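Asker: Mind looking over this structure? Questions follow.
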Amino acid sequence: MTTTKTARELAEAYFTAWETGDFETLRALLARDIDFVGPLGTASGVEEALAGLKGLGRVLEKIDVRARVAEDPDVITWFDLYTSVAPPTPTANWMHTEDGHITRIRVAFDPRELVAGFERSA
């Protein structure tokens, strides 16, 4: 018997997989036609979304979740994003889920420190 994960469970699995670099698990969580929009770019489809997550994953050190609010099929996660190129970045992530997959993600944060950090490390 298989069970469909709740939006909260999908969000928890998403952040755990991203933090640990488990991109195969991430692929399984994302809908094929996922739509992503954030301060550093947009992605349409699972391959583009994974490429973006892998890109930021190269400097990702830790995700410190401060709060998570879920009301199926949506969940908002507030966290501090720790990277090797910038001070911790307070971040809000909203995701929408359907049929056991994440279909939409919107991310909000101030990207200035991250962008400067990427430029310094290039």
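The values are calculated or read from the model by the stated rules, or taken from the named source; none is laboratory data. Since the model is a prediction, treat every value here as computed from it, not as a measurement. Quick reminder, even Gly has a Cβ in these numbers, built from the backbone with ideal geometry, and neighbours come from all protein chains shown. Keep in mind that these areas ignore ligands, DNA and RNA; they rest on the heavy atoms of the full protein, side chains included. Shrake-Rupley method; radii C 1.70, N 1.55, O 1.52, S 1.80 Å.
Asker: Do the conditions hold for THR4, that is, is it open to solvent by 30 Å² or more (accessible area, probe 1.4 Å) and without any contact (Cβ under 8 Å) to a residue 24 or more places away in the chain? Reasoning before the result, please.
Answerer: Details: open to solvent by 30 Å² or more (accessible area, probe 1.4 Å): yes; without any contact (Cβ under 8 Å) to a residue 24 or more places away in the chain: no.
Judged against the criteria, THR4 is not a match.
Asker: Filtering segment 27-83 down to residues that are in a loop (DSSP other than H, G, I, E, B) and hydrophobic (A, V, I, L, M, F, W, C), which residue is surrounded by the fewest Cβ atoms within 10 Å (Cβ to Cβ)? Even if it seems obvious, please write down each step before you answer.
Answerer: Of all residues in segment 27-83, those in a loop (DSSP other than H, G, I, E, B) come to 39-40, 45, 58-59, 72-73.
From what is left, the residues that are hydrophobic (A, V, I, L, M, F, W, C) are 40, 59.
Values: LEU40: 13, VAL59: 16.
Going through the qualifying residues, I end up with LEU40.
Asker: Can you name every residue in segment 96-107 that is under 12 Å from the mean Cα position of the chain (by Cα) and surrounded by fewer than 15 Cβ atoms within 10 Å (Cβ to Cβ)?
Answerer: ARG106
Asker: Take ALA108 and tell me if it is at pLDDT 95 or above, touching a Pro at 6+ places or on another chain (Cβ under 8 Å) and not β-branched (Val, Ile, Thr). Lay out the reasoning, then the answer.
Answerer: Numbers: at pLDDT 95 or above: yes; touching a Pro at 6+ places or on another chain (Cβ under 8 Å): yes; not β-branched (Val, Ile, Thr): yes.
Yes; evaluated as a whole, the condition is true for this residue.
Asker: Go through segment 42-57 and give me each residue that's within 18 Å of THR91 (Cα to Cα) and out of contact with any Asp or Glu (no Cβ under 9 Å at 6 or more places or on another chain).
Answerer: GLY52, LEU53, LYS54, GLY55, LEU56
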